[in-house]
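Note sheet for the following structure.
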């Protein structure tokens, strides 16, 4: 009877299952720095001094080892995109190719250093003769005005997806990619903590547009388009959550001693708080507003970026993750 029984042992394939494809190429800082190749140093100490943010040290070494390799990668993408667009329009449509702005999205948490990163990247990219006209737009300009946020009881949700005029944001990006001229972007004042009435930034067909903000990689179900639909490249600036909280608190304490002291500052009433109380307030704001927004809306978009740049507690970028699938 035993000879007639079916063999119940599992069948082992002679060909092992293929290893899963890793979605990222991971570059420690020294390996990333080597990808600079022969790109010349384009910024000096004086340039960097004007571009640094509050409490964000940046050195010539950072430009050499992080920004120049990134600018080389982006230059290759810009030129390849131009070539492809020209070839498709001339070969397939029989029309002369028209150069459209190359759009780079930069995402990341409040306090992670997006603004400084974007300004430095703009400066480095504008030194390339292939694309000297590099514009920078932040999504702050697409926040709803304070009056509208107060009317909708959203002041405590500022920076969350519902606090933005997404229709206006998508309309701007769509017009930009369609070749629109002299496009107007509302101007946001961090001092007034509000949109400045009747003041606009004009964007007129740049070679490259850097589009920076909390929400640039987010998906919104009720919208037919997302901001990232118009991106040619995207970057997520990353750091450990506790580290970002500490940076946010240090920046808050610095602003309390500087910008908050201006009579026109929205946060002027915090200027004379004792340091201990100011730190407790900053951590409370972080944990009630910025941390939930990071966990719910920002961090889940990290894997949508083409490149993730991770920062150490010193603010230096120590690892670069480049998505390959």
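What's the long-distance tail for the stretch 30-136, i.e. % of Cα pairs beyond 24 Å?
Result: 33 percent of Cα pairs exceed 24 Å.
Over the stretch 64-124, calculate the relative contact order: mean separation of alpha carbon pairs under 8 Å at least 6 apart, over the residue count, as a percent.
Rounded, it is 34 percent for the stretch 64-124.
Considering only C-alpha atoms, what is the centroid distance from the stretch 216-252 to the stretch 21-84, in Å?
19 Å
For the chain, take the longest principal axis of its alpha carbons; what is the angle in degrees between that and the long axis of helix 275-285, to the nearest 10 within 0 to 90?
50 degrees
Rounded to the nearest 500, what is the 222 nm mean residue ellipticity of the chain from helices alone, with -39500 (n - 2.57) per DSSP H run of 4+ residues and division by all residues?
That calculation yields -8500 deg cm²/dmol at 222 nm.
So in the chain, what percent of DSSP beta bridges are antiparallel if you round to the nearest 5?
About 45 percent, rounded to the nearest 5.
Report relative contact order for the chain in percent, whole number only (criteria: Cα-Cα under 8 Å, sequence separation at least 6).
It comes to 24 percent, rounded to a whole number.
If R₀ is 22 angstrom, what is the calculated FRET efficiency for the pair residue 26 and residue 299, using the beta carbon separation as r and rounding to 0.05?
That pair, residue 26 with residue 299, gives E of 0.75.
How far, in nm, would the chain grow between residue 99 and residue 319 when pulled straight, counting 0.36 nm per residue and subtracting the alpha carbon separation?
Between residue 99 and residue 319, full extension yields 75.9 nm more.
Sort 61, 162 by Cβ crowding within 10 Å, fewest neighbours at the top.
Starting with the residue having the fewest Cβ neighbours, the order is 61, 162.
Would the stretch 277-325 count as rounded, prolate or oblate if I go by the C-alpha gyration tensor, calling it rounded below 1.5 in a/c and otherwise prolate when a/b exceeds b/c, oblate otherwise?
The shape class here is oblate.
Using alpha carbons only, how many degrees (0 to 90, rounded to 10) separate the axis of helix 68-87 from the longest principal axis of the chain?
The angle comes out at about 70 degrees.
In what sequence do 146, 116 fall when counting other Cβ within 10 Å, fewest first?
Lowest to highest Cβ neighbour count: 146, 116.
Please state, to two decimals, what the Cα-based radius of gyration of the stretch 215-325 comes to when divided by 2.2 N^0.38 Å (N = residues).
1.31
Normalising by the residue count of the stretch 88-197, find the relative contact order in percent from Cα pairs under 8 Å and 6+ residues apart.
22 percent
Under Stokes-Einstein, with the Kirkwood radius over Cα pairs standing in for Rh, what whole-number D in µm²/s applies to the chain at 37 °C and 0.692 mPa s?
149 µm²/s
Among rounded, prolate and oblate, which fits the stretch 229-280 when a ≥ b ≥ c are the square roots of the eigenvalues of its C-alpha gyration tensor, a/c under 1.5 means rounded, and a/b larger than b/c means prolate?
oblate
Relative to the present Cα-Cα distance, how much length would full extension add between residue 162 and residue 76 at 0.36 nm per residue of separation?
27.4 nm
So how much slack lies between residue 285 and residue 184, counting 0.36 nm per residue of separation and subtracting their Cα-Cα distance, in nm?
Gain on stretching residue 285 to residue 184: 33.2 nm.
Would you compute, for the Cα atoms of the stretch 97-253, the largest minus smallest coordinate along each principal axis and list the three values in descending order, in whole Å?
That works out to 47, 34, 31 Å along the principal axes.
Between rounded, prolate and oblate, where does the stretch 101-184 land on the alpha carbon gyration tensor, with a ≥ b ≥ c its root eigenvalues, rounded for a/c under 1.5, else prolate if a/b exceeds b/c?
Cα axes put the stretch 101-184 in the oblate bin.
For helix 166-177, what angle does its Cα long axis make with the longest principal axis of the chain, in degrees from 0 to 90 and rounded to 10?
70 degrees
Just to confirm my numbers, what's the Cα centroid distance between the stretch 138-180 and the stretch 262-318 in Å?
20 Å
So, R0 is 22 Å and r is the distance between the beta-carbons of residue 87 and residue 174; what FRET efficiency does that work out to, to 0.05?
Plugging the Cβ-Cβ distance into 1/(1 + (r/R0)^6) gives 0.40.
Bear in mind these aren't lab numbers, they're just calculated from the coordinates by the rules spelled out. All values reported here derive from a predicted model rather than from experimental measurement. So basically every Cβ, Gly included, is an ideal-geometry build from the backbone, and we count neighbours across all protein chains shown.
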